[in-house]
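Taking it in order: structure first as C-alpha cells, then the write-up.
The values are calculated or read from the model by the stated rules, or taken from the named source; none is laboratory data. Just so we're clear, the structure is a prediction, and the values are computed from it rather than from any experiment. Using ideal geometry, Cβ is built from the backbone for each residue, glycine included, and neighbour counts are taken over all protein chains shown.
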Amino acid sequence: MTTVEGEVEATDPGDLEVVTNAIKQVGITAGATLVGVASADAFNEYVPVGHRPEDFLPGAQSVVVAASLGPTNAAWQSPNRRLMEITGYDFRENVASIVIAEHIERTHGYLAMHAPALPTSGQQPPLSMMLSAVLAGLGTRSIAANIILNPTYGIMFFAAAITTMRLTPDHQLEENVCPARSCVRMYEMEGKTPCMAVCPADEGGCIDATIEDGEITSSFFDRERCSTRAMNFGIRGHIKQVEILTGINDRDERRELLYSDDFRRNMSSIGRYKESVSQCFECMRVCPVGRYRRKLK
Amino acid sequence: MMDELDWVSIKSGILEMARKRGAEVARVGDPALLEDAEPGLRPSDLLTDVKSMIVLGGAAPRAAEWQSPRVEVMETVGTADRMVALGSSVARHIEDTYGYYALNVPTATDQDDKAFLDFKAAAIAAGAGSPSLAGPVLDPTYGFLYLTVILTTLPLPVDGPLQEAACPAPQCVEMWDEKGTTPCMAVCPIDDGGCLGGEIQEGLVIKRRYDADRCRDRVYHYWTPGYQAALERALDEPDARKRKMILYGSFFTRTMWSITYSGVSQGQCFECIRACPVGTEQRVLI
C-alpha cells in the first residue's frame, strides 16, 4: 500500500509514479485519509461485465480510491449509542474522489469521473467500492460482514474516481488483515472471534466463520439480516412503513404510525444521515484491527 | 503529537482554522455550564470527561439570497449543512493533531425528536451569541448564524458568555417604547396568528412568548411534517384520481425535495430574522 504524507516533491509529467503520487496528494489534501490506485483491468477477474470500470467510462485505465475514517474516535466512545446511529460522517472520501476527478481532467486532460457506488439494482452497486479498495491495496475483506479492513485504521469508507489516465497501480495487500492475531487466539480457545461472538449467525446474529492455521477457511454473512440492523432507519425502513400504511384501513391507526417517532426517524435518516450510518456497528466495535488508534486522551 | 501543550496557542490555532474554513464566529464554552440540563442533554452524556465545547457559527444565507424577489430561493436553499461538515472536520483535526477525543454533536434529533444538546445554550455559554426575542441566538455582528458544537476532552481556555446581549437592539428598544412591539414581534405577533411575543423593560427583555409548534409548521412547511401531512391526506383519500393528484402534486414533490436535497434548515419562514436589525449591515452589498 502506498500512502502519501506531507508535500509531494516537484512533479515531472514524464514520471508516472510521481504523477500518481501527486494525484494521491490531491485526494489527501481534499480530506481523504488514504488514497490508493487500482488498474481498471484488475476488476475483470472478479466481477462480470456491467460492473467493471470500462462499463462506466470506455477506455478506463485506472481507479483512484479515496478512503476516510468515518465517525471520530469520540463518537465511538460516546455513552449515548444513538449518537453513532445517526452521526453518519462527513463523506470526505466522496469529496476527495470528486476533487481527484476534477484535477485529472483539468490538469492532465484525461477523462475522469466519480464512480457510481450506490445500489441501482437490488443490493448490487454498479461499481463495488469494497473491491476497488482491495484492488487498490487499501485493505482486505473481513469475517465481520465482509467489511474491508485496513491494517492501520480498521474500518474505512471508500469512494473512487475512474479515469482514462494510466497511473501506477498499488499492489493488493499480501497478507489478510483479518483475522487479527488476537482473534486467531480467541478462536483457538473459544471457537469464535470477537465479531462472531457479538453477532453469532446461529443465535440470531449475522456472522460465522471457520479459521484454520490462522487463515479464514469459510465465512458466512447474513446480509439481509445485517442490513435491517445496520440500516434500520432509512429508505428500507420507510418503504416498509409505507407498505404497512397502505394495508391499514383504520384512519386513526394510520395516523399513529404516520406521526410515530419511528416514521420521523426514517425520514430523518433518508434526508440527513444518507446511506452510511452506523445503526449497528457492534462487529466493528469489538474488532481489534485499528482499535488502538481509537484510544485517545 | 506535541510534548508540551500550549493551550492558548492550540485554541487560537483551532479557532483560526475554523474561521478560515467558513466560521464567522468561533468560541469556546465551558461544558459544565450545561450540566444542569435534563439527563440526556448534558455534554457528558455524549462524551465522558468532556472539557471544552467549541461553538462555531456561520453559513447564514448570503446577502443576495436575502434580497431575492423569489421567496422560493430562501425556501429551498439550505446552507446549514456547511456547518456540520466544518464541525466534523474540526473534530477530526483535534483527534488527529492533538490526540484528544472530539465529536461534532449531531444537528439531527435523538429519540422522540429531542435534540442531543441544546445548541442555543451551548452558544450562549460560549459567547457565540445571545438569546433573542425572535428565538435564534444572535451574534452582535452577524446576527443569525447556523451553529455547530464540538465537544472535546481537550482542555481549552474558555471564552464565556457575552457581556452585552445583542437583543434587543437599540432600534428595537426605540420601537418598543413608541409602539409596544419590536420588528420581529410586529411581523409575527403571537396574539394575531403569529409565533412571537414579549416585553421589554429598561432596554432588557423581561418576558418572552413563543409558539414553537406554530413556528415549526411554518419554518419546516415542506419538510418531514409536510410530507407526513400530505401522505396522510393521500392515504385517507378514497378517490383514486384525487389520491394521484395529491401524490403527484407540487406540494408532495416539494416535501420530498426538501427532505432529500435542501438540508434541514431551509428558512421556509425567516420573517422574524428578515426584520431583525442585528447583523443587517452584513446583508447590504452593491
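Here are the numbers:
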{"quantity": "Residue check, A:Asn232 closer than 30 Å to B:Arg82 by Cα, of a type outside the set (Phe, Trp, Tyr) and within 11 Å of another protein chain (Cβ to nearest Cβ)", "calculated": "no"}
{"quantity": "Selected residue [among the β-branched types (Val, Ile, Thr) and touching a Cys at 6+ places or on another chain (Cβ under 8 Å)] from A:Ile86, A:Ile104, A:Ile143, A:Ile100", "calculated": "A:Ile143"}
{"quantity": "Top-ranked residue in the range B:200-230 [being in contact (Cβ under 8 Å) with a residue 12 or more places away in the chain and within 13 Å of chain A (Cβ to nearest Cβ); ranked as nearest to A:Arg264 (Cα to Cα)]", "calculated": "B:Thr224"}
{"quantity": "Failed item in (1) within 14 Å of chain B (Cβ to nearest Cβ); (2) exposed (fewer than 15 other Cβ atoms within 10 Å of the Cβ); (3) within 19 Å of the chain's Cα centre (by Cα), with A:Glu224 passing the rest", "calculated": "(1)"}
{"quantity": "Answer from A:Arg272, A:Arg285 - the residue that is in contact (Cβ under 8 Å) with a residue 60 or more places away in the chain, at the interface with another protein chain (Cβ under 9 Å from one of its Cβ atoms) and either basic (Lys, Arg) or out of contact with any Phe, Trp or Tyr (no Cβ under 8 Å at 6 or more places or on another chain) (or both)", "calculated": "A:Arg272"}
{"quantity": "Candidates B:Ala134, B:Ala125, B:Ala121, filtered to the one that is in the same structural domain as B:Pro31 (by TED's automatic domain parsing), part of a helix (DSSP H, G or I), under 30 Å from B:Glu199 (Cα atoms) and under 14 Å from the mean Cα position of the chain (by Cα)", "calculated": "B:Ala121"}
{"quantity": "Of all residues in the range B:149-172 being under 26 Å from B:Val219 (Cα atoms) and at pLDDT 95 or above, the one that is surrounded by the fewest Cβ atoms within 10 Å (Cβ to Cβ)", "calculated": "B:Gln171"}
{"quantity": "Single match in B:Gly13, B:Gly57 (criterion: in a helix (DSSP H, G or I) and modelled with pLDDT of 95 or more)", "calculated": "B:Gly13"}
{"quantity": "Residue match in the range A:46-67 (condition: crowded, with 24+ Cβ neighbours inside 10 Å and facing chain B (nearest Cβ under 8 Å))", "calculated": "no"}
{"quantity": "Residue among A:Ile148, A:Ile216, A:Ile155 that alone is in contact (Cβ under 8 Å) with a residue 40 or more places away in the chain and within 19 Å of A:Glu282 (Cβ to Cβ)", "calculated": "A:Ile155"}
{"quantity": "Matching residues in the range B:78-106 - criterion: being small (Gly, Ala, Ser) and farther than 30 Å from B:Trp223 by Cα", "calculated": "B:Gly99, B:Ala102"}
{"quantity": "Elements of type helices (runs of 4 or more DSSP H) in the range B:199-247, at least 2 residues being in contact with an Asp or Glu (Cβ under 9 Å, 6 or more places away or on another chain)", "calculated": "B:224-236, B:240-247"}
{"quantity": "Meets criteria (surrounded by fewer than 24 Cβ atoms within 10 Å (Cβ to Cβ), more than 9 Å from every other protein chain (Cβ to nearest Cβ) and over 30 Å from A:Ala30 (Cα atoms)) for B:Ala125", "calculated": "no"}
{"quantity": "In the range B:247-286, the residues that are within 14 Å of another protein chain (Cβ to nearest Cβ) and of a type outside the set (Ser, Thr, Tyr)", "calculated": "B:Leu247, B:Phe252, B:Arg254, B:Met256, B:Trp257, B:Ile259, B:Gly263, B:Val264, B:Gln266"}
{"quantity": "Filter result for the condition that a residue is modelled with pLDDT of 95 or more, closer than 30 Å to B:Thr107 by Cα and either in contact with a helix residue (DSSP H, G or I) (Cβ under 9 Å, 6 or more places away or on another chain) or surrounded by fewer than 18 Cβ atoms within 10 Å (Cβ to Cβ) (or both), over B:Gly226, B:Gly193", "calculated": "B:Gly193"}
{"quantity": "Residue ID - nearest to A:Glu93 (Cα to Cα), chosen from residues in the range B:89-100 that are crowded, with 20+ Cβ neighbours inside 10 Å and within 7 Å of chain A (Cβ to nearest Cβ)", "calculated": "B:Arg92"}
{"quantity": "Out of B:Gly78, B:Gly127, sole residue that is more than 25 Å from A:Gln77 (Cβ to Cβ) and modelled with pLDDT of 95 or more", "calculated": "B:Gly127"}
{"quantity": "Residue among B:Leu103, B:Leu147, B:Leu86 that is assigned to a strand (DSSP E or B) and either of a type in the set (Lys, Arg) or within 14 Å of chain A (Cβ to nearest Cβ) (or both)", "calculated": "B:Leu103"}
{"quantity": "Among (1) surrounded by fewer than 13 Cβ atoms within 10 Å (Cβ to Cβ); (2) away from every other protein chain (no Cβ under 14 Å); (3) of a type outside the set (Ser, Thr, Tyr) - the single one B:Ala240 does not satisfy", "calculated": "(2)"}
{"quantity": "Odd one out for B:Ala63, checked against (1) more than 14 Å from chain A (Cβ to nearest Cβ); (2) under 30 Å from B:Asp112 (Cα atoms)", "calculated": "(2)"}
{"quantity": "Which numbered condition A:Gly205 misses (of (1) without any contact (Cβ under 8 Å) to a residue 24 or more places away in the chain; (2) buried (at least 17 other Cβ atoms within 10 Å of the Cβ); (3) in contact with a helix residue (DSSP H, G or I) (Cβ under 7 Å, 6 or more places away or on another chain))", "calculated": "(3)"}
{"quantity": "Qualifying positions in the range A:69-94 - farther than 13 Å from A:Phe281 by Cα and more than 9 Å from chain B (Cβ to nearest Cβ)", "calculated": "A:Glu93, A:Asn94"}
{"quantity": "Count of residues meeting criterion [among the hydrophobic types (A, V, I, L, M, F, W, C), in contact with a Pro (Cβ under 9 Å, 6 or more places away or on another chain) and farther than 19 Å from A:Ile148 by Cβ] in the range A:180-221", "calculated": "1"}
{"quantity": "Only listed residue being free of Cβ contacts under 8 Å to residues at least 12 places away in the same chain and either in contact with a helix residue (DSSP H, G or I) (Cβ under 8 Å, 6 or more places away or on another chain) or not polar (S, T, N, Q) (or both), chosen from B:Val105, B:Val77, B:Val71, B:Val137", "calculated": "B:Val71"}
{"quantity": "Scope the range A:227-260; condition surrounded by fewer than 12 Cβ atoms within 10 Å (Cβ to Cβ) and small (Gly, Ala, Ser); matching residues", "calculated": "A:Gly247"}
